[in-house]
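Q: Below is one structure. I have some questions about it.
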Amino acid sequence: MIVEAFRLVFEPSVLLFIVLGVASGICIGCLPGLTTTMGVALVLPLTFGMDATHSILLLIGVYVGAVYGGSIAAILLNTPGTPASAATALDGYKMASKGEAGRALGISTSSSFIGGMISCVYLILISPILAKFALKFSAPEFFMLAVFGLCIISSISGKSMMKGLISGALGILLATIGIDSITGSMRFTFNNMNLFSGINFIPVMIGLFAMSQAFIGVEEMKQKTVVARAITHVFPKRSDWGMIVKSGFVYGTMGTLIGCIPGVGADIASFIAYGQAKSFSKHPELFGTGLPEAIAAPEAANNGVTGGALIPMLTLGVPGDAVAAIMIGALMVQGLQPGPLLFQNNGPIVYALFIGCFIANICMFVLGLNSVRLFAKVLSVPKSILVPTIFLLCFVGSYALNNSIFDVAVMLFFGIVGYFLQKTEVSSSPVILGLILGPMAESNFRRALLMSKGDYSTFISTGISITFFVLIIISLALPLFQKKFLKRQI
């Protein structure tokens with residue numbers, strides 16, 4: 001199995017796609033406003049004609065590159081390229097202002113690399129064990145797991161939990177469209193044949209995350225970005241390496257563990273790491289003035305999340321964050337169902353993904369140290385070129401999956417919906433979460449009741465179900481304390 005995985009990954013075309021994915025991800029991460037989620041959603045349609053290994057590893061490369069790429073804009077412009085780099089901007093920009101932009105970027109790149117590699121190690125160690133455990137699940141356990149996954153909505157709702165719950169309810173409602181898998185009756189199809197098989201989540205994702213951002217880009221068309229920082233001496237000094245390795249291991253581990261918790265995400269991980277680094281620092285008063293360790297900690301943590309978020313996605317079918325939700329869609333397009341059976345039925349592809357994660361982080365490290373000056377120039381790309389390109393990719397991508405104009409219309413509709421959601425500060429991620437996990441929750445709920453002859457106690461009849469019930473309570477309570485905790489840390 002492992003030999004087959006190495007054979008799959010080390011094909012020249014696969015390695016090329018990983019490199020292209022990482023480079024594209026860094027470019028996307030560099031540009032403020034183009035989030036990691038939007039970048040992966042935008043590249044997803046390009047993978048429809050590829051085999052599973054090429055497509056998934058391309059997206060992994062984009063994911064790894066984009067999370068790191070956000071630090072470039074954070075350090076050079078004091079504007080995080082992605083939310084995951086917001087903590088990096090606190091000290092990174094101050095260091096760049098002192099004429100040490102190259103050193104700050106070098107520390108960011110090296111810490112990101114170590115944090116990402118640490119997360120890959122945990123991904124390999126934890127995932128097979130968790131997958132074997134998940135084989136014990138039956139319908140009640142899968143229902144409780146799906147409900148636990150839906151509880152992530154409370155963590156990714158943004159400023160208003162109520163708005164997030166409404167957004168998630170919209171996704172669950174969309175998931176009910178089509179033919180009922182149990183009774184065969186039509187639901188919300190309005191006699192439209194295009195709706196008999198339900199709403200395709202790929203055009204929905206492209207619309208919510210990519211097209212909506214393109215609409216916002218139209219508003220910002222006249223804005224220009226100028227980078228005036230001199231970037232020299234990017235490779236870290238010998239005196240910095242000790243701190244980088246220590247921070248990379250400690251906060252990379254922290255980021256991985258945080259990434260395993262569905263719904264927390266890289267932005268939360270980076271701020272927690274920043275706060276912990278400040279707490280344990282010998283000079284906490286220097287944080288915010290351009291301290292190297294204040295760059296290393298959040299960058300190690302947010303890149304640690306990249307591997308951690310894939311653990312629940314691969315083993316349980318529950319996305320660790322919004323990007324992992326898109327990854328689930330990518331796997332399903334390839335005919336692969338995330339969950340414990342994925343390891344049994346498609347072991348070589350899973351292990352190829354593990355190996356690809358390592359290679360993606362190595363590519364990120366090499367490209368970051370050697371080509372960061374080139375990537376910094378991406379910050380100056382005019383919106384007049386960038387926005388039409390995004391529009392074109394959205395139209396082509398939504399049409400390419402089924403050669404359907406209806407999918408294009410769905411994409412446009414949800415692009416408009418996503419635009420207004422952003423304007424009203426409502427998170428789009430819960431919609432996708434509800435659309436993906438809604439069918440899983442419904443089918444297993446009804447199957448469990450059929451098995452138990454209508455006895456609702458079946459949902460708390462085993463230790464696994466009770467454990468998920470406790471986790472659901474914790475997930476609902478966590479956001480109530482999360483903001484207060486982060487403020488105290490910073």
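Q: Taking the alpha-carbon distance from residue 282 and a cut-off under 17 Å, which aspartates and glutamates remain once sequence neighbours fewer than 8 residues away in the same chain are dropped?
A: 91, 240, 293
Q: Considering Cα pairs under 8 angstrom that are at least six residues apart, work out the relative contact order of the chain and quote it in whole percent.
A: 29 percent
Q: Using the alpha carbons of region 219-372, what is the convex hull volume per residue in cubic angstrom, as a whole number? Show your work: numbers first, answer last.
A: Details: hull volume 26.2 nm³, N = 154.
About 170 Å³ per residue, rounded to a whole number.
Q: Between 0 and 90 degrees, rounded to the nearest ten: what's the tilt of helix 12-30 against the longest Cα principal axis of the chain?
A: The angle comes out near 70 degrees.
Q: Given Cα positions, please report Rg to Rh for the chain, the hydrodynamic radius being the Kirkwood one.
A: 0.96
Q: Which FRET efficiency value, to the nearest 0.05, do you get for residue 280 and residue 179 by plugging their Cβ-Cβ distance into 1/(1 + (r/R0)^6) with R0 = 56 Å?
A: 0.50
Q: Taking the Cα atoms only, what angle lies between the long axis of helix 322-333 and the longest principal axis of the chain, rounded to 10 degrees?
A: Roughly 50 degrees, rounded to the nearest 10.
Q: Does region 57-122 come out rounded, prolate or oblate, given a ≥ b ≥ c as the square roots of the eigenvalues of its C-alpha gyration tensor, rounded meaning a/c under 1.5 and, failing that, prolate meaning a/b above b/c?
A: It is prolate, given that a/c is not under 1.5 and a/b is the larger ratio.
Q: Determine, for 425, 220, the number of other Cβ atoms within 10 Å of each Cβ, and report the residues in order from fewest to most.
A: With the fewest neighbours first, 425, 220 line up as 425, 220.
Q: Kindly write out, for region 38-53 in residue order, the coupling ³J(HN,Hα) from the Karplus curve 6.51 cos²θ - 1.76 cosθ + 1.60 (θ = phi - 60°), rounded to whole Hz, with x marking Gly and Pro.
A: 5, x, 5, 5, 6, 7, 3, x, 5, 8, 4, x, 8, 7, 4, 5
Coordinate-derived values only; no laboratory data. All values reported here derive from a predicted model rather than from experimental measurement. In this analysis, Cβ positions are derived from the backbone assuming ideal geometry, glycine residues included, and neighbour counts consider all displayed protein chains.
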